[in-house]
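The values are calculated or read from the model by the stated rules, or taken from the named source; none is laboratory data. Computed from a predicted model, the values in this text were never measured in an experiment. All Cβ positions, glycine included, derive from the backbone under ideal geometry; neighbour counts span all protein chains shown. Remember, those area values only see protein heavy atoms, side chains included, never the ligands or the DNA or RNA. Shrake-Rupley method; radii C 1.70, N 1.55, O 1.52, S 1.80 Å.
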Amino acid sequence: MLRIRHLVLSVNTDKGPFGAKQSFGDGLNIIRAQNYAGKSQLLQAIVYALGLEGMFGPSHVVPLAHALTDYLDFKEGKSNAKATVIDSMVSLEIENAKGEFLTVQRAIAGDRHKHLMTVYEGRAITRKEALSSSHDYFVREPYATTSERGFHRRLTEFLGWDLPMAPRYNDVDCPLYLETVFPLIFVEQKLAWGRIPARYPTWLGIRDVGRRTVEFVLGLDAYATAIERAAVLEAIAQLRREWARTRAQAEKVPSSATGMVRGIPRDPVASWPPEVPPTFSVLQRSEWVPLSGHLAALRERLAELQTAVVPSALEAEPRIKAELTQAEEQLSEREEGIRALLNKLEGDTGEAESLKQQIDAIQDDLRKYKDVRKIRKLGSQDEPESAKGHCPTCHQELADSLLDTGKRAVPMSLDQNVSFYEEQIELFSAVYANAQHSIESSEKQLQGQREEVTALRDRIRAIRETLVSPAGTPSIETVTERVRLEQRVSVLEGVQASFDDSMSDLAQLASEWKAVQERQARLPKGALSQRDEQKLGALQNSFQRQLGLYEMGSIAITDLRISQGNYEPEVAGLNLGADVAASDLIRLQWAYLLGLLEIGMQPSGNHPGLLIMDEPQQQSVEEGGFLAMLDYSSKLKKSQIIIATSHEPATIGAYLKKIGVKNIFEYGDKRVLDRL
């Protein structure tokens with residue numbers, strides 16, 4: 001809640017001090033004065049005192065009239081006189097929902113910097129409280145909303161607001177600045193009336209500033225939902241990236257340990273391990289076997305070799321002669337297998353290239369048909385070449401049958417052709433993916449068989465060296481096998497550890513994926529929660545009810561809706577700014593602003609319960625509608641509505657008395673600023 005309690009304007013001139021003092025009460029406050037009296041300066045001084053003139057634009061020029069900045073005109077006796085402003089200041093006393101008070105002072109003219117605010121923690125104007133405990137703050141400077149000595153941070157805390165972060169166009173997210181909220185609270189006379197939506201400060205670069213502001217004022221869940229949905233989508237995208245990276249890392253087999261990883265799901269899963277657990281297989285004698293089992297067998301063989309005494313060449317001769325014959329036969333088989341694999345790879349690669357060319361050709365045809373469909377939707381009568389009896393690719397004439405029967409079949413429609421080509425692309429893409437997978441598998445198998453060939457050749461070489469070595473020397477074949485096994489076991493243990501780490505990472509990612517899926521399931525199906533829809537429904541009811549009281553006539557009131565997209569008034573097929581009478585635009589604005597105040601003041605809303613309107617009777621709105629708006633405003637007892645008007649005093653005075661308005665400030669023919 002925010003209440004304006006007391007305003008003081010102090011102006012020192014070369015002709016003495018001038019100023020104005022204005023108090024405000026709860027409920028409806030009416031300031032009535034002539035157009036020249038300066039009542040608008042009272043209201044704009046409130047905005048300036050709160051450091052909110054940025055709502056009008058990025059300029060740092062003081063947005064107040066010359067009477068407060070340069071010179072003022074006044075009556076001296078019966079003659080007109082002019083006084084030069086030396087310095088001036090505004091002081092404002094405000095109250096929050098807790099009954100706490102702040103008094104703020106800010107220079108308007110003079111030597112004191114305009115961005116410096118002095119704040120008293122109490123009623124320094126009406127009760128002279130806290131005069132010895134003032135603090136200076138800065139405003140209209142970077143970080144005024146977030147820094148400890150930024151005034152808007154202090155004001156936000158005073159209001160009890162927690163400003164949400166808002167997305168920007170070309171920068172990082174920022175708080176939803178107070179300057180974006182106050183166009184729904186203060187309507188200045190010259191440029192703000194007749195604007196649906198409000199005149200938001202777009203220069204701050206906040207994306208969808210109108211939506212974000214209304215969501216905050218009404219306390220809608222939509223913004224938090226949008227933030228959560230964006231966070232969930234970002235988490236999903238991040239987890240997909242992490243999953244793909246971890247999957248690629250797990251499938252990246254070192255060249256020294258030819259193998260293949262199978263069973264890792266391409267997309268993240270919520271349950272780990274999956275029904276078919278991932279496995280790491282290595283090629284052993286032309287067959288893929290699990291790494292864990294193969295590694296256990298190698299460790300067992302290595303243990304045997306390490307515990308056994310190394311035989312001499314003579315002792316090993318009978319055994320290794322038989323092993324030599326066996327190794328040579330295995331080498332011949334592996335070399336034959338490599339030749340077969342090379343032939344298969346050549347065929348599979350040719351098939352994959354052919355499939356890729358077919359897919360490219362079909363995609364080109366699909367693009368042509370989509371282009372024709374697009375221009376047909378725009379009104380063109382052009383037909384695809386196949387409909388004219390020509391191939392869309394080679395442009396040759398098409399026959400409907402091998403025998404010319406004189407009859408022609410009706411070609412498929414554009415939509416049928418598009419659907420057909422899309423199905424063909426899906427089919428050929430699946431076949432192409434299978435071909436690529438087959439090529440990848442063959443390449444890994446080829447690599448494995450080449451590794452086996454290399455190992456067999458090394459073993460044959462070691463056996464032959466052992467057979468020709470002196471009888472008493474240790475068996476070169478046995479020593480070589482032990483060294484080879486030690487190296488192989490070391491490499492495969494590293495691969496197994498890396499694979500196990502990847503599985504642990506995937507298990508963690510699966511757990512995170514389950515959590516983010518649960519978050520996504522908790523989100524409402526649409527942008528609005530049930531509570532949001534109820535609030536917008538209440539806003540629409542208030543809006544339509546008021547328009548009936550204000551005698552709107554341009555369009556049927558029942559046709560007006562509050563959009564669930566941008567939360568602004570709308571009528572299907574109409575541009576409100578162009579198709580509605582100017583006076584009815586004013587009525588729309590009254591109803592919208594008062595509706596936001598009425599609904600936003602509910603416990604879950606953030607509306608401060610304050611609305612300031614300068615000369616709301618614009619565009620010659622009939623008196624009956626204007627008085628009805630005053631009556632409606634007077635019934636919003638828990639709010640503070642301040643209206644400045646130049647309406648005829650006799651008419652408005654009697655009416656305000658009739659509806660029980662007590663806060664009426666009549667200036668008659670006097671100016672607001674007067675000699676003190």
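Taking each residue of the stretch 423-451 that is within 17 Å of GLY259 (Cα to Cα) and touching a residue at least 40 places away in the same chain (Cβ under 8 Å) and looking for partners that are crowded, with 17+ Cβ neighbours inside 10 Å and among the basic types (Lys, Arg) with beta-carbon atoms closer than 9 Å, six or more apart or interchain, yields GLN449/ARG334; ARG450/ARG334.
For the stretch 271-285, name all the residues that are touching a helix residue (DSSP H, G or I) at 6+ places or on another chain (Cβ under 7 Å) and either under 21 Å from GLN487 (Cα atoms) or open to solvent by 50 Å² or more (accessible area, probe 1.4 Å) (or both). If the condition is that a residue be touching a helix residue (DSSP H, G or I) at 6+ places or on another chain (Cβ under 7 Å) and either under 21 Å from GLN487 (Cα atoms) or open to solvent by 50 Å² or more (accessible area, probe 1.4 Å) (or both), then SER271, TRP272, PHE280, SER281, VAL282, LEU283, GLN284 are the ones that fit. Pairs, please: C-beta under 7 Å, at least 6 apart or cross-chain, first residue open to solvent by 50 Å² or more (accessible area, probe 1.4 Å) and in the stretch 343-359, second polar (S, T, N, Q)? If the second residue must be polar (S, T, N, Q), the pairs left are LYS344/SER442. Taking ALA81 as the residue in question, decide whether it is surrounded by fewer than 18 Cβ atoms within 10 Å (Cβ to Cβ), among the aliphatic types (A, V, I, L, M) and under 44 Å from the mean Cα position of the chain (by Cα). No, not satisfied.
To keep it simple, each residue is scored yes or no on (1) modelled with pLDDT of 85 or more; (2) in a helix (DSSP H, G or I); (3) surrounded by 13 or more Cβ atoms within 10 Å (Cβ to Cβ).
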site	(1), (2), (3)
PHE428	yes, yes, yes
GLY448	no, yes, yes
ASP501	yes, yes, yes
ALA527	no, no, yes
GLN534	yes, yes, no
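Would you pick out the residues in the stretch 122-140 that are within 17 Å of TYR48 (Cβ to Cβ) and in contact with a His (Cβ under 7 Å, 6 or more places away or on another chain)? Matches in the stretch 122-140: ILE125, PHE138, VAL139, ARG140.
Scanning the stretch 11-22 for residues that are open to solvent by 50 Å² or more (accessible area, probe 1.4 Å) and either within 18 Å of THR103 (Cα to Cα) or basic (Lys, Arg) (or both) turns up LYS15, LYS21. Within the stretch 137-153, at least one residue is over 23 Å from GLN41 (Cα atoms), among the aliphatic types (A, V, I, L, M) and touching a helix residue (DSSP H, G or I) at 6+ places or on another chain (Cβ under 6 Å). Scanning the stretch 204-241 for residues that are of a type in the set (Lys, Arg) and not in a helix (DSSP H, G or I) gives a single hit, ARG207.
Taking the criterion of being under 36 Å from the mean Cα position of the chain (by Cα) and more than 29 Å from GLY219 (Cα to Cα), would at least one residue in the stretch 139-151 satisfy it? No, the conditions are met nowhere in the stretch 139-151. Among the strands (runs of 3 or more DSSP E) confined to the stretch 608-676, the ones with at least 2 residues that are over 44 Å from the mean Cα position of the chain (by Cα) and within 14 Å of ASN29 (Cβ to Cβ) are located at 663-666. Looking at the stretch 570-585, is at least one residue in contact (Cβ under 8 Å) with a residue 60 or more places away in the chain and open to solvent by less than 10 Å² (accessible area, probe 1.4 Å)? Within the stretch 570-585, not a single residue is in contact (Cβ under 8 Å) with a residue 60 or more places away in the chain and open to solvent by less than 10 Å² (accessible area, probe 1.4 Å).
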